[in-house]
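> Input: one structure, supplied below.
The values are calculated or read from the model by the stated rules, or taken from the named source; none is laboratory data. From a predicted model like this one, the values you see are computed outputs, not experimental measurements. Don't worry about glycine lacking a Cβ; one is built from the backbone with ideal geometry, like all the others, and counts go over all protein chains shown. To get the accessible areas, we keep the full protein, side chains included, count just its heavy atoms, and leave off ligands, DNA and RNA. Shrake-Rupley method; radii C 1.70, N 1.55, O 1.52, S 1.80 Å.
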Amino acid sequence: MTLWRRRGASVRIPLHKRLLVRLLITSGLIAVCSVAATAWLAVATTTQALREEQGQALADDMEVLADLSGYAATHPDWTDVTATVRRLSERTGRRIALTTPDRRVIADSAPRGTSLPPGAAAAVDPLHTDTYSERGAQIPGIDPRAVGPYRLPEKERDTVAALARKRQLCFSRFGLKTRLARTPSGRTVLTDPDSGATPDYVPDACADGLLNTPTPTEEKATKALKALAQDCLTKAGLSGGIAVPVGSELGGVDARDPLSGKLGDKERRLAQPCVDEARRTQLDPYVAPVAELFLGTGDTPAVLFDMSPGNKAKVVGTAALVLAVTVAATALVAGRLVRPLRALTEAAQQPPELHVRVPVTTRDETGILAAAFNDLAERRERLEAQRKAMVSDIAHELRSPLTNIRGWLEVTRDGVVEPDPALLASLHEESLVLQRVIDDLQDLAAADAGTLRLHREPVRCDELLQQVAAAHRVAAQVELRTRAEDALWLDADPVRMRQALGNLVSNALRHTPPDGTVTLSARRDGDEVVLAVADTGSGIAPEDLPHVFDRFWRAEKSRSRRTGGSGLGLAIVRHLVAAHGGTVDAASEPGKGSVFTLRLPGGPSPTP
């Protein structure tokens, strides 16, 4: 919490009441509203476009991967892939780069020397494709376009196509509609016009067995596949009675089961990995080696926001709402801040003699300011009263001795009284009183103006106390004692210090009965020297103790100036001690006496 001081007391402002915190909260709320409105507007106008753009980008990525996988499935190497890469880059607006697994560039649509993206988007391997995202991929993960030795020559291709057309004609006589489709190996097959799948039902009249008979090229490739798979099948304990015909996955005949023979589920699970590995081994020389695919953003970012009439209306409406909230919040906070300041201004413009106060309605900085203004007005009123009282006291202090001097001089001039030595001594005493008041006023004026001169020198405390006690012991009717620790020194003006201590001793003597005691003491307290004047006199009432250092103040208003002093001694003590960089305070208990304590910075002892 922020700590303020008011009349010497601490005033703590709660954190939520501070002006700075409230301004920060208001600014924060406005900022949050602005950010929230901007975020909502951005989300509302760009979400759909972003979704469309992301969907298009994902589709483009899948198309690029599919095209490059198809290239790898139909080419033994990447020699001529550059043209394909540039074509795909121009169509999608993306940067496309192919590298070997060790990051050696095969083809790149970006200029030479352009750094690659931090990570590869995918691996292009037609023998290990993504079964779930790659279009047409087989369960074993082999690209269907990788046919290798199963590709039919033109003559066999024409023969199979003629058989397919013949079967299609047969199907049509039974009301079955089919469509001719060519597999990647070049074999023509019949498919359903709607689903694209192979027809489930084949009329007996159309099942001549010729269309599904492997061609010589397929027989040769199938025989090689059996030889590659035989060792693996033998190790798995499946060497007897297992035939491995070519299936539709290899672009061969329209066989539904890649494994022929009567196999149980367990034997099928054991044999399938052998067949898959044999296929990859057989196709490996016919496909391009594995490559890493890198995709970049390209040079033409998508436009996610368009200034359509609807979007313009959203922008204008949101901006107007935020502006209205900002103006309302600012007006509310400004009004709460200006209201007490306006009251302070009106109070300050009132005539000074009215001493107007303002109401304190808050506990924040403006409330503290209002309380400080009220304190200032109260102090000003009190100082004004003190100023009037001081002028009256000064006039009284000067009028009393002057009246006495004037009266005695007039009766002497008129011959009523002879100017004998007793009269002259009385007039001299009145002039001394007048001189003492004038000297005290001059010291106070110099202290107030900051022109009080000090002639500092090393002062030994015990000697200082003895000198003061000796000066007052002759006229004192009480016991004067001194008590000081050894080797205590002050860096002070000895004349001014004797004056300050003398004023305290004189004050103590006036308030101490004849059988009482006045004690002057000196001791060290850390780096400070503490000088004290204690008496066993009548003491000071608690309500009067705060005013003992005020000018012209006396506890007993009826006391004679001749016996009670001018009321300036203690005020002079306070100024003299402050000029030396120290402090003075008083403690008293009625009926038991008073103690005046001076705390001054200690000084070094003089070097011999």
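> Could you work out how much longer the chain between SER426 and VAL474 gets when fully extended? Use 0.36 nm per residue separation minus the Cα distance between them, nm to one decimal.
Additional length available on full extension: 15.2 nm.
> If R0 is 41 Å, what FRET efficiency do you get for ILE25 and ALA587 from their C-beta distance, rounded to 0.05?
0.25
> Express in nm, to one decimal, how much length is gained between ASP200 and ALA227 on full extension, taking 0.36 nm for each residue of separation and deducting their alpha carbon distance.
6.6 nm
> Can you order the peptides 223-229, 120-126 by their average number of other Cβ atoms within 10 Å per residue, highest first?
So the order, starting with the most tightly packed, is 120-126, 223-229.
> Another one. What distance in nm separates the two pseudo spin-label positions at LEU383 and ALA236, each 7 Å out from Cα along the beta-carbon direction?
10.7
> If I ignore ligands, DNA and RNA and count only protein heavy atoms, how much of TYR286 is accessible to a 1.4 Å probe, in Å² to the nearest 10?
Spelled out: TYR286, probe radius 1.4 Å, area about 100 Å².
> Right, something else. Fully extended, how many nm does the chain gain between LEU210 and ALA449 (0.36 nm per residue separation, minus their Cα-Cα distance)?
Between LEU210 and ALA449, full extension yields an extra 73.0 nm.
> Would you mind putting 336-346, 448-458 in packing order, based on average other-beta-carbon counts within 10 Å, highest first?
The most tightly packed comes first, giving 336-346, 448-458.
> What does the C-alpha gyration tensor say about the overall shape of region 183-225? Classify as rounded when a/c is under 1.5, otherwise prolate if a/b is larger than b/c, or oblate. Each step should come with its number before you reach the end.
Details: a/c = 2.97, a/b = 1.55, b/c = 1.91.
Oblate, because a/c is 1.5 or more while a/b does not exceed b/c.
> Here's another thing I want to ask about it. 7 Å from Cα along Cα→Cβ at both ARG103 and ARG483: what's the point-to-point distance in nm?
Those two pseudo-labels are separated by 9.0 nm.
> Next up: Mind giving me the FRET efficiency for HIS547 and ARG524? R0 is 35 Å, r the Cβ-Cβ distance, nearest 0.05 is fine.
0.70
> Could you tally the net charge around PRO117, taking each other residue with its Cβ under 13 Å from the Cβ of PRO117, Lys/Arg +1 and Asp/Glu -1?
Working: positive: ARG94, ARG95, ARG103; negative: ASP61, ASP108, GLU292.
Taking every other residue near PRO117 into account, the sum is 0.
> Over region 344-411, what is the mean sequence separation of C-alpha contacts under 8 Å (at least six apart), divided by residue count, expressed as relative contact order in percent?
With pairs under 8 Å counted, the relative contact order is 23 percent.
> Ok, one more. Take the residue pairs LYS177/LYS266; LYS177/LYS223; LYS177/LYS220; LYS155/LYS223; LYS166/LYS266; LYS177/LYS226 and return only those whose Cα atoms are more than 30 Å apart.
Numbers: LYS177/LYS266 38 Å; LYS177/LYS223 35 Å; LYS177/LYS220 33 Å; LYS155/LYS223 21 Å; LYS166/LYS266 40 Å; LYS177/LYS226 36 Å.
From the list (LYS177/LYS266; LYS177/LYS223; LYS177/LYS220; LYS155/LYS223; LYS166/LYS266; LYS177/LYS226), the Cα-Cα distance tops 30 Å for LYS177/LYS266; LYS177/LYS223; LYS177/LYS220; LYS166/LYS266; LYS177/LYS226.
> Would you mind getting me the FRET efficiency between ARG268 and LEU323? Use the beta-carbon distance for r and R0 = 60 Å, nearest 0.05.
About 0.25, to the nearest 0.05.
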